[in-house]
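Note sheet for the following structure.
The values are calculated or read from the model by the stated rules, or taken from the named source; none is laboratory data. Note that this is a predicted model, so its numbers are computed, not measured. Here Cβ is always computed from backbone atoms with ideal geometry, including for glycine, and neighbour counts include all displayed protein chains. For the accessible areas, the whole protein counts, side chains as well, though only heavy atoms, and no ligand, DNA or RNA atoms are used. Shrake-Rupley method; radii C 1.70, N 1.55, O 1.52, S 1.80 Å.
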Amino acid sequence: MTDEEFKVTSWPERKDKGGQYVGSGPCGVKVTHTPTGTHAACDLHRSQHKNRQAAMEAVTWMLSTRGTFPSFGFASAPKGQ
């Protein structure tokens, strides 16, 4: 797999009232494997870099184990199915 096969999108944090770190910039990340349509999103960490890494690991895990585990509701079905 190459980096060109993945599409990475991010979204900002909520703009509600809160502490000094709320709304500080993009945090959530969605990684999509474009040939298959498999995707994972992560917004668990404050760091966009850590969220991207976690989502990328989830997508690569799903691609490597595809067909061996049932869907857990956090990934899409491959395109055309």
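Picking from residues in segment 1-52 that are of a type in the set (A, V, I, L, M, F, W, C) and at pLDDT 90 or above, the one that is nearest to Arg66 (Cα to Cα) is Ala40. Of everything listed in (1) β-branched (Val, Ile, Thr); (2) open to solvent by less than 60 Å² (accessible area, probe 1.4 Å); (3) at pLDDT below 75, the single unmet condition for Thr60 is (3). Name, by its number, the condition in (1) buried (at least 18 other Cβ atoms within 10 Å of the Cβ); (2) farther than 15 Å from Gly28 by Cα; (3) modelled with pLDDT of 90 or more that does not hold for Ala55. The single condition Ala55 does not satisfy is (2).
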